[in-house]
Amino acid sequence: MALIKSISGIRGTIGGNAGENLTPQDIVECTAAFGYWLIQNGANRKVVVGRDGRISGELVSNLATQTLLSLGIDVIDLGYSTTPTVEVAVPKENAGAGIIFTASHNPKEWNALKFVNHRGEFISKKDGEDLLKLIHEGAIKYEGVDKLGKYQKIEGYIDRHIDDILALSWVDVDAIKARKFRVAVDCINSTGAISVPNLLERLGCTAVLINEEVTGDFAHNPEPLAKHLVELSNVIRQQQLDLGIAVDPDVDRLALVCEDGEMFGEEYTLVAVADYMLPIKPGNTVSNLSSSRALRDITRKHGGTYYASAVGEVNVVAKMKEVNAVIGGEGNGGIILPELHYGRDALVGIALILTHLAKSRKSLAQLKAEYPYYFMVKDKIALTPDIDLVSILQQLEEQFKMEDYNTIDGLKVNFEDGWVHMRKSNTEPIIRIYSEGPTEARAKELVSMVRKRVEALI
């Protein structure tokens, strides 16, 4: 069981002892601090909230909502929603902030509160630090009975979100409709079931759905990785469909499966979107340090410049704004299109990928064959309170001082034929070790080499 309070929000497991898990006490405490922080900063006293399909979602949402109302903050509740939909709704509703109740790819026993600002973007590192200080101090002042906030439930925001996507010049609805794509969708028993099929229907696609009941009792591990998408691959092969789509429970990550049932590769979702957009609008791209080199290669091919940021959506967004990126995101299937909003959005990713396929007259497998291919290996080491990760990374930096390395987020070491990145996870009590190379053997060799060095220092 676990509870993680970080600059990006609060995340934990349901049940157990307060202060060690995501209990009602912790939910109220953190929501109160967030609401009070908004008030102190003079933000509009209105917050948009929405949740994914988790079993604990209604409980968590109700506790947080009542806390906000007690602070004199109005609440607009979207109910079942997606993370990008809440992000889109915040500025539309002239709200001071938003909260999404979702633990993203974590299993069903987890839930979280993700905080976004008035622009519908994740709060900054400084804002997160100020919030954590308020949580620690606990000096919160609530309103009297005459100044309580007002509650409003709004239906249909996912459709408004889809309207915005279909209005983008990048999305060719007619071209997609002409292809009459037949698509398998793994809805993972969450709000992908009430968003992805709606989008596909409006694009003239035939959708074959699996795990489409919004129960929160996930049919498999909800992280959209190849080992969890066997059922989706089988459906594509058996019914001879054009492609497969998998999203995570809050629909901000997009994984694709080719017509032969093989994985397109979540690292290549962003690569394919960039390949479609950059010939039309040459420019810069951004992904995080743990993402594939393939985006760099595609960006250079089309005359642009690639930039890397620290891991975390807020860091990617900051770098995208700094370099005026055309497109950006993360290698976990997260697409960020500035013309829509500065947040990862699987729905816009689907529309852009289908446009690319329709206009190129190619299949996913054919596109994949055209891209520079790298093998990525992802490993992790459990963190315990006695592990001094800062010291470990400093010692590793000394060991790799003759190499090309980067310390803006943990330690990334670049080699001519690959790279390895070590950093503390923002969402789990682990050290993440990612590597990439031209062959699977080389990628595994890099991870093994670094893992042995880390274990020797623990």
Pairs, first more than 25 Å from residue 330 (Cβ to Cβ) in the range 209-225, second polar (S, T, N, Q), C-beta under 9 Å, six or more apart: 212/189; 213/189; 214/189; 214/190; 214/191; 215/189; 215/190; 217/189
What are the pairs with Cβ atoms under 6 angstrom where one residue, in the range 401-415, is under 15 Å from residue 390 (Cβ atoms) and not assigned by TED's automatic domain parsing to the domain that holds residue 310 and the other, located anywhere, is small (Gly, Ala, Ser) and assigned to a strand (DSSP E or B)? Sequence gap at least six, or different chains. none
Take the residues of the range 150-174 that are buried (at least 17 other Cβ atoms within 10 Å of the Cβ) and in contact with a Lys or Arg (Cβ under 7 Å, 6 or more places away or on another chain): which is nearest to residue 193 (Cα to Cα)? 162
Can you confirm whether residue 275 is in contact with a Lys or Arg (Cβ under 9 Å, 6 or more places away or on another chain) and within 24 Å of residue 355 (Cα to Cα)? yes
Conditions (1) in the same structural domain as residue 80 (by TED's automatic domain parsing); (2) over 17 Å from the mean Cα position of the chain (by Cα) -> residue 121 fails only (2)
Across (1) over 23 Å from the mean Cα position of the chain (by Cα); (2) buried (at least 24 other Cβ atoms within 10 Å of the Cβ), residue 273 clears everything bar (1)
Does the range 92-111 contain at least one residue that is assigned to a helix (DSSP H, G or I) and touching a residue at least 12 places away in the same chain (Cβ under 8 Å)? yes
Residue pairs meeting the criteria (Cβ under 7 Å; at least 6 apart or on separate chains; first of a type in the set (Lys, Arg), in the range 306-321; second crowded, with 20+ Cβ neighbours inside 10 Å and outside any loop (DSSP other than H, G, I, E, B)): 319/286; 319/309
Select from the range 51-99 the residues that are over 15 Å from residue 33 (Cβ atoms) and among the β-branched types (Val, Ile, Thr) and list them in ascending order. 55, 60, 65, 75, 76, 82, 83, 85, 86, 88, 90
Is it the case, given these coordinates, that residue 50 is farther than 17 Å from residue 97 by Cα, in contact (Cβ under 8 Å) with a residue 24 or more places away in the chain and part of a strand (DSSP E or B)? no
Out of the helices (runs of 4 or more DSSP H) lying entirely within the range 173-259, which hold 3 or more residues that are in contact with a Leu (Cβ under 9 Å, 6 or more places away or on another chain)? 173-179, 196-202
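The values are calculated or read from the model by the stated rules, or taken from the named source; none is laboratory data. Everything quoted here is computed from the prediction, not taken from an experiment. Cβ atoms come from the backbone with ideal geometry, glycine included; neighbour counts cover every protein chain shown.
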